[in-house]
Amino acid sequence: MNKKSTLLLGIFLLFFSITRAQQWGDYTLYATQNGTTANLLDTNGNIYHTWTFPSTKKTGYSTYMLPGGSLMRTVARAGNSFSGGPICGEVQKVDWNGNVVWDFVYSTTTYCTHHDICPMPNGNVLLIAYESKTAAEVTQAGSSKNIVMWPDKIVEIKPTGATTGDVVWEWHAWDHLVQNYDNTKSNYYSSIVNHPELLNINYKTAQDWIHMNGISYNEELSQVCFSSHFLNEIYVIDHSTTTAEAATHSGGKSGKGGDLLYRWGNPPAYGANATATINAVHDAHWIPKGCPNAGYLVGFSNEGISATQSAVFQVSPPYNGYTYAITQGQAYTPTSYTKVHACKGHTKNMGGSQQLPNGNMLVCIAQAGYIYEIDSSGNLLWSTTTSGAVAKAFRYSKCYITGGDTPIISQNINSLMSSSAASYQWYFNGSPIAGATSQTYSPTQKGMYQVQIVNASGCSAISNQLSFYFNSINTLSDNNNLNIYPNPTDGIVNIEGSIAKEQFEIYIRDITGRLISKTKNTNILDLSTFNKGIYILTITSNNNISINKKLILEK
């Protein structure tokens, strides 16, 4: 090779190295809709790993990678009572070797899952589902149309066996309606615009009315967001509620129960005098912690630029603690996109994006099967085209797939300890704590704590959040009269004593400190759906004085 060729080769390799260094992560996951495979591609476009599914278990919509290399996927189940697209009815967890470790059906004649799912840090999964309402129910709810409707609901499923799961939380759109059509029917308010927390049943009323298609969970806020194709909005609701509170207008960290905390994209849907921004939206999610603009809400607008060009938009919400600021009678801010990316293509349905830690973004033009990565300036860094439609695609690091286990936090009185690692960083309410880089940490205030570790292989992982309260030497008033029984228990636990006269909260954690459930002001606990084992019961009064009690659950 002559000197000129050597120089040109050197320049090319340098350019390639610089370009490659701008990319983020190692592998891209995609699964074609109605297909029987899921693939991991490396950044050179080569297949690194493939999962193969039976022809009777085709992919319904989205597929996600879980830490450690398993998949959580939607399945287009045969025999559902509901029709349309994309109806799923089933969700699976599949390990790295293709073994199905959980196969759960959520489909009957009265409800059925569809579109997206959201795996949660606690091992549960959120599902979107239609539920059927009769024409009589629709009319009584205040609709101007006498039709059958399929409003959406959201359920959180806790896997309990190879094919079983418990509904541990649920939210129904049907519980949060408004109408000013008939004052003799339910949900009547004379002003729609003054109730943006509710859905106007007479706005674009149809059988498949809302058509949810994207769902995401924010652990720091304990909130859920979702997108609606037909109503052209993204929404935020409170997940810190109980199921009972989620059916009402009070409770939870927000104090608003299951009402909409925030909505964006189509102010006319709640009577506000402002211009609609979104046109056919999918893939509602938050930009995650550790990425630029963390906390922004993101969506994929199929006709965001024009009828032939889609867009990814980002919105900076008007956060106000666990709620969102709004002037009554006006639209939620911002009035337009905070940021927008004009996509390199168009998809009439589906589509999504992923915001990456270095400021890059992965974009999925679904129907074209075109997946690409851009940097923060919009420069194309990587792309691939698949042989079929892909609802959503995701980029993962090698450490996410093959790295160490998620760290576990244990609590010893008023001190926290992480499982062993090479290095540590503690977080309080989602923000890093300066100087908190040891295996143990002694909190100075109550709140949500996490630890991020780097293991011996150089892989980073972050724990689930732990809700911390001080274990005071003080006791609840007249605590010597407190009686918690039976213990051990086969499920039902009674709480007796003068505490019944106070306002109090009850937290149940497993032995790792992970919060399992939270209730208020109840003297009977039902643990019958919990797994057999040891749990920590914490009772906290309204003056933040707490007691702990070890419970043994025997079945």
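Considering (1) part of a strand (DSSP E or B); (2) over 20 Å from the mean Cα position of the chain (by Cα); (3) surrounded by fewer than 18 Cβ atoms within 10 Å (Cβ to Cβ); (4) of a type outside the set (Phe, Trp, Tyr), the lone condition that Ala456 does not fulfil carries the number (1).
Does Tyr235 satisfy the criteria of being in contact (Cβ under 8 Å) with a residue 40 or more places away in the chain, in a strand (DSSP E or B) and open to solvent by 10 Å² or more (accessible area, probe 1.4 Å)? Walk me through it before giving the result.
Details: in contact (Cβ under 8 Å) with a residue 40 or more places away in the chain: yes; in a strand (DSSP E or B): yes; open to solvent by 10 Å² or more (accessible area, probe 1.4 Å): no.
It is false that Tyr235 is in contact (Cβ under 8 Å) with a residue 40 or more places away in the chain, in a strand (DSSP E or B) and open to solvent by 10 Å² or more (accessible area, probe 1.4 Å).
Applying the criterion of at least 3 residues that are under 18 Å from Ser228 (Cβ atoms) and in contact with a strand residue (DSSP E or B) (Cβ under 7 Å, 6 or more places away or on another chain) to the strands (runs of 3 or more DSSP E) found wholly in the stretch 275-347 leaves 281-286, 297-306, 309-315.
Scanning the stretch 343-352 for residues that are closer than 13 Å to Val281 by Cα and open to solvent by less than 10 Å² (accessible area, probe 1.4 Å) yields a total of 3. Evaluate the stretch 429-448: report whether one residue or more is over 23 Å from Ile547 (Cβ atoms) and in contact with a Gly (Cβ under 6 Å, 6 or more places away or on another chain). So far as the stretch 429-448 goes, yes, one or more of its residues are over 23 Å from Ile547 (Cβ atoms) and in contact with a Gly (Cβ under 6 Å, 6 or more places away or on another chain).
With the structure loaded, tell me whether Arg77 is among the basic types (Lys, Arg), open to solvent by less than 20 Å² (accessible area, probe 1.4 Å) and either in contact with a strand residue (DSSP E or B) (Cβ under 6 Å, 6 or more places away or on another chain) or touching a residue at least 24 places away in the same chain (Cβ under 8 Å) (or both) or whether it fails that test.
On the way: among the basic types (Lys, Arg): yes; open to solvent by less than 20 Å² (accessible area, probe 1.4 Å): no; either in contact with a strand residue (DSSP E or B) (Cβ under 6 Å, 6 or more places away or on another chain) or touching a residue at least 24 places away in the same chain (Cβ under 8 Å) (or both): yes.
So Arg77 fails the test.
Are any of the residues in the stretch 355-369 without any contact (Cβ under 8 Å) to a residue 40 or more places away in the chain, open to solvent by 20 Å² or more (accessible area, probe 1.4 Å) and out of contact with any Cys (no Cβ under 8 Å at 6 or more places or on another chain)? Yes. Against the test of being without any contact (Cβ under 8 Å) to a residue 40 or more places away in the chain and either closer than 30 Å to Gln465 by Cβ or not polar (S, T, N, Q) (or both), the options Gly214, Gly271, Gly257 yield a single qualifying residue, Gly257.
How many of the residues making up the stretch 275-294 are open to solvent by 20 Å² or more (accessible area, probe 1.4 Å) and within 13 Å of the chain's Cα centre (by Cα)?
Here is the first cut: in the stretch 275-294, the residues open to solvent by 20 Å² or more (accessible area, probe 1.4 Å) are 275-277, 279, 285, 288-290, 292-294.
Those left that are additionally within 13 Å of the chain's Cα centre (by Cα): 285, 288.
Counting residues in the stretch 275-294 that are open to solvent by 20 Å² or more (accessible area, probe 1.4 Å) and within 13 Å of the chain's Cα centre (by Cα) gives 2.
Residue pairs whose Cβ atoms lie under 6 Å apart, sitting 6 or more positions apart in sequence or on different chains, and linking a residue in the stretch 44-63 that is closer than 21 Å to Gly352 by Cα to a partner that is open to solvent by 10 Å² or more (accessible area, probe 1.4 Å) and in a strand (DSSP E or B), are Gly45/Thr384; Lys58/Ala76; Gly60/Ala76. What about Thr440, is it open to solvent by 30 Å² or more (accessible area, probe 1.4 Å), closer than 30 Å to Thr402 by Cα, modelled with pLDDT of 80 or more and among the β-branched types (Val, Ile, Thr)? So Thr440 fits the description; yes.
The single condition from (1) touching a residue at least 12 places away in the same chain (Cβ under 8 Å); (2) in contact with a strand residue (DSSP E or B) (Cβ under 7 Å, 6 or more places away or on another chain) that Ile433 fails is (1).
Out of the stretch 388-407, which residues are buried (at least 18 other Cβ atoms within 10 Å of the Cβ) and either in a loop (DSSP other than H, G, I, E, B) or of a type in the set (A, V, I, L, M) (or both)?
Going through the stretch 388-407, the residues buried (at least 18 other Cβ atoms within 10 Å of the Cβ) turn out to be 389-396, 399-401, 403-404, 407.
Result: Ala389, Val390, Ala391, Lys392, Ala393, Ile401, Gly403, Gly404, Pro407.
The number of residues in the stretch 498-510 that are modelled with pLDDT under 70 and open to solvent by 30 Å² or more (accessible area, probe 1.4 Å) comes to 3. Looking across the stretch 36-74 at every residue that is part of a loop (DSSP other than H, G, I, E, B), hydroxyl-bearing (Ser, Thr, Tyr) and touching a strand residue (DSSP E or B) at 6+ places or on another chain (Cβ under 7 Å), the one that is farthest from Met120 (Cα to Cα) is identified as Thr43. For the stretch 355-372, residues that are over 17 Å from Ala280 (Cα atoms), touching an Asp or Glu at 6+ places or on another chain (Cβ under 9 Å) and assigned to a strand (DSSP E or B) total 2. In the stretch 160-169, the condition of being open to solvent by less than 30 Å² (accessible area, probe 1.4 Å), hydroxyl-bearing (Ser, Thr, Tyr) and within 22 Å of the chain's Cα centre (by Cα) is met by no residue.
The values are calculated or read from the model by the stated rules, or taken from the named source; none is laboratory data. Keep in mind the model is a prediction, meaning the values are calculated, not measured. Don't worry about glycine lacking a Cβ; one is built from the backbone with ideal geometry, like all the others, and counts go over all protein chains shown. Side chains included, ligands, DNA and RNA excluded: accessible areas come from the protein's heavy atoms. Shrake-Rupley method; radii C 1.70, N 1.55, O 1.52, S 1.80 Å.
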